[in-house]
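A short write-up of the structure that comes next.
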Amino acid sequence: MKYASVMYLNEGCASEYKKRHDELWSELADHLRLHGIKNYFIYLDERNNRLYATFDAEDLDRSALSDDPVMQRWWEHMADIMETKEASFEPLSTQLTEVFRFNVEETVKIHVVAVLDIGKTNIKICLMDAQTGQLLKVAKRVNQVINTGLYPHIDHDGIWAWIQTELSRLALVYYISSIAITTHGATVACMSGDDLAMPILDYEFTGVDDCTESYKAARPEFNETFSPLLPQGLNLGKQLFWLQKTYPHEFFQVSSLLLYPQYWGFKLSGNKVAEVTSLGCHTDLWNPTTCHYSTMSNEQGWTNLFPPVLETGAKLGEIRPELAQLLGLPKECVIFNGIHDSNASLVPYLGQPKETLTVISSGTWTVIATVNGKLESLDENKDMLANVDALGRATPTIRFMGGREWEALRSDTPATMDDIVFILDKQIMAMPSYAKGGGPFAQNVGRILPEATILTSAQQSALADVYVALMTDYCLSLTRASDTVIIEGAFSKNAHFLSILASLRKESEIYASRDVTGTSAGAALLSNKSLKLKGRLSRAVCKPDLTVLVKAYQQCWNAQLPS
């Protein structure tokens, strides 16, 4: 809907009015965008000092727009040069009525970067303003595994159908100038020509463990790849080893191997490449010191199946012409080489001046990585490893399935701070682990102490919050983490988690990212380096009355940990 009005400027104030609007507050601009205001124009009639304003908006909530403190402050800021209502600083205005239109063209679409973000739990398409980086729209669906066929595998057909449907729907409203891609790791597409030679294996399939003993003899030493031996299919090399051994006929048909972000890049652009963040994600296939494939990858003949390595975030190509026509996307839409999701969370901080910086990416996995960190502290028996960042550098990392474990412990009733205090005061403890996929205690079965403890629903959620905070602190203690820690993703919005972690690490600066998702922001920034992504951070506050309880609880919890 188009809105039009006339406002009244004081005599001789035209230059000052323009100056103040040229210096428009960023928080006011964000407020206007939040309410869907776009195509906003103001024209000055200098003969009678009248201002004519027009803008477009859908379902505009005028009360919410005007009652916000930033709007009130702006009106007060402008009140000395404009006519205002007697009861407030709101500019005096008259709504204009449309009486004629002619040859109206389609409203100019906002240029956006579409970020295809495929996580283990959810799939998202995030639209970010191509100029400001502001998140404008999120389309989301649950990710599922197909448990029929040769083995549990990715629902690639379902995902592809959803991606096409959503992109075509979004293209009706937005001009999608580019598409960036970020996905979970430990996933590879075995291709025969341009088609899948076999389904894309789900990395949580336990059947891959059947080859563990023979794989141990083939895999490289930890000090070559900094990749620990992991359960299930979490080592990409282990997946390929199992597939090659179990399905030799099908594997013989494989002509190329596409890492998961690059598979979707190929589907969109038709071009096949490889990329270092997914190659170096606990795969056993990459030597981050030499920046070459591992000895095992060479010996098994897999190196020759990977396409040439292309720089992370580099232009992969334009969208396939037939796909652009089918989905209503511009034929000039650029596809960018994708990135492993945990590494995408690091991208906004790679150019920061601090010598080291620890970033916690939280989702299904809680991944703790220290930019410019040292590798000497890594212990492969604690699920510590080196990921490879977007610049190709080895980055010391530790992780556990924090989101999965939190889901296993919590209830649908949110905890209050009283519930948190109850858990701490009574020293009711969840001991690891509640997920088999990885982490320092992946081989242990979770238990609650004291045994036979009965909790309310809210207290169960409190126990989940306390547990993930204690596990995060434990993992930070195992690494040479920076004193500055930034939390991205789901746990950055969990106030209890943040307060407990800040109380556990009083000497550190703990910050929560206020961006919607660090993975999407990082992928978008790689594809468009001119984006003004500020990385809004809030300091996590240590509550003095909580600190004594937390420290006593931590001491008892540590004493109960498996050796």
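The values are calculated or read from the model by the stated rules, or taken from the named source; none is laboratory data. Computed from a predicted structure; not experimentally measured. All Cβ positions, glycine included, derive from the backbone under ideal geometry; neighbour counts span all protein chains shown. For accessibility, only protein heavy atoms count, side chains too; no ligands or nucleic acids. Shrake-Rupley method; radii C 1.70, N 1.55, O 1.52, S 1.80 Å.
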### Summary
The set of residues whose placed amide H lies less than 5 Å from the amide H of Met82, leaving out same-chain residues fewer than 5 positions away, is Asn10
### Query
Got a number for carbon plus sulfur as a percent of region 90-186's accessible area, 1.4 Å probe?
53 percent
### Cα convex hull volume per residue for region 120-202 (Å³)
115 Å³
### Query
Can you pull out the GluC sites (Glu not before Pro) in region 324-395 that DSSP calls coil and that have at most 14 other Cβ atoms within 10 Å?
Glu332, Glu355, Glu376
### Message
Checking the cross-link filter: which aspartates and glutamates have an alpha carbon closer than 18 Å to that of Lys436, excluding same-chain neighbours under 8 positions apart?
### Response
Asp202, Glu204, Asp209, Asp210, Glu380, Asp383, Glu405, Glu407
### Task
Could you state the angle between the C-alpha long axis of helix 69-78 and the longest principal axis of the C-alpha atoms of the chain, as a value from 0 to 90 degrees rounded to the nearest 10?
40 degrees
### Summary
Per residue, accessible area of the chain with a 1.4 Å probe, heavy atoms of protein chains only, in Å², comes to 45 Å²
### Message
Using amide H atoms built in the peptide plane, which far-off residues or other-chain residues are under 5 Å from Val309 H to H?
### Response
Ala274
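Dipole size in debye (nearest 20) for region 25-89 around its Cα centre, Lys and Arg Cβ +1, Asp and Glu Cβ -1?
Details: 7 positive and 14 negative charges, 35 e Å.
Using Cβ point charges on Lys, Arg, Asp and Glu, region 25-89 gives about 180 debye.
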### Task
Of the listed pairs Lys120/Lys543; Lys120/Lys216; Lys140/Lys216; Lys124/Lys272, which have alpha-carbon separations greater than 32 Å here?
Lys120/Lys543; Lys140/Lys216
### Query
Using all Cα-Cα distances in region 18-177, what percent lands in each 10 angstrom bin from 0 up to the longest?
8, 27, 26, 19, 11, 6, 2, 0
#### Entry: Sorted peptide list for 35-46, 122-133, criterion being average Cβ within 10 angstrom, highest first
122-133, 35-46
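Hey, what does the equivalent ellipsoid look like for the chain, semi-axes from the Cα gyration tensor as sqrt of 5 times each eigenvalue, largest first, whole Å? Don't skip to the end; give the middle numbers.
Values: eigenvalues 421, 214, 79 Å².
In descending order the semi-axes read 46, 33, 20 Å.
Once you list every other residue whose beta carbon is under 15 Å from the beta carbon of Cys291, what net charge do they have if Lys and Arg are +1 and Asp and Glu are -1? Show your work: numbers first, answer last.
On the way: positive: Arg393; negative: Glu224, Glu275, Glu311, Asp389.
Local net charge: -3.
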### Task
Find the centroid of the Cα atoms in region 138-172 and in region 316-332, then give the distance between the two in whole Å.
19 Å
## Note on the structure
Tilt, helix 260-269 to longest principal axis of the chain (alpha-carbon atoms), in degrees rounded to tens, equals 50 degrees
### Query
To the nearest 10 degrees, how steeply does helix 457-478 sit against the main Cα axis of the chain, on a 0 to 90 scale?
70 degrees
### Task
Under 15 Å from the Cβ of Gly317, count the other residues' Cβ atoms, weight Lys and Arg +1, Asp and Glu -1, and hand me the total.
-1
### Message
Going by amide H atoms built from the backbone, whose H comes under 5 Å of the H on Gln232, apart from near neighbours?
### Response
Asp209
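When you count, for each residue, the other Cβ atoms within 10 Å and take the mean per peptide, how do 440-452, 298-310 rank with the highest first? Numbers along the way, then the final one.
On the way: 440-452: 13.5, 298-310: 15.1.
Going by the mean number of other Cβ atoms within 10 Å, highest first, we get 298-310, 440-452.
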### Message
Helix-only mean residue ellipticity at 222 nm, the chain, DSSP H runs n ≥ 4 weighted -39,500 (n - 2.57), per residue, nearest 500. What is it?
### Response
-9500 deg cm²/dmol
### Task
Taking the Cα centre of region 431-563 as origin, work out the dipole magnitude from +1 charges on Lys and Arg Cβ and -1 charges on Asp and Glu Cβ, in debye rounded to 20.
440 debye
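Over region 314-434, what portion of Cα pair distances is larger than 27 Å, expressed as a whole percent? Please list the in-between numbers first.
Values: 3342 of 7260 pairs.
It works out to 46 percent of all Cα pairs.
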### Message
I need the Debye-formula profile for region 195-342: one equal scatterer per C-alpha, no solvent, reported as log10 I(q)/I(0) at q = 0.09 1/Å, two decimals.
### Response
-0.31
## Note on the structure
Out of Met71, His35, Ala53 - ranked by how far each Cα lies towards the positive end of the dipole of region 32-123, with unit charges on the beta-carbon of charged residues - the top one is His35
### Message
Defining a contact as two alpha carbons under 8 Å apart and six or more residues distant in sequence, what relative contact order in percent does region 18-153 show?
### Response
11 percent
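For the peptides 156-164, 108-116, what is the packing order when you average, over each peptide's residues, the other Cβ atoms within 10 Å and list the highest mean first? Mind showing how you got there, number by number?
Numbers: 156-164: 15.3, 108-116: 21.7.
Result, highest mean first: 108-116, 156-164.
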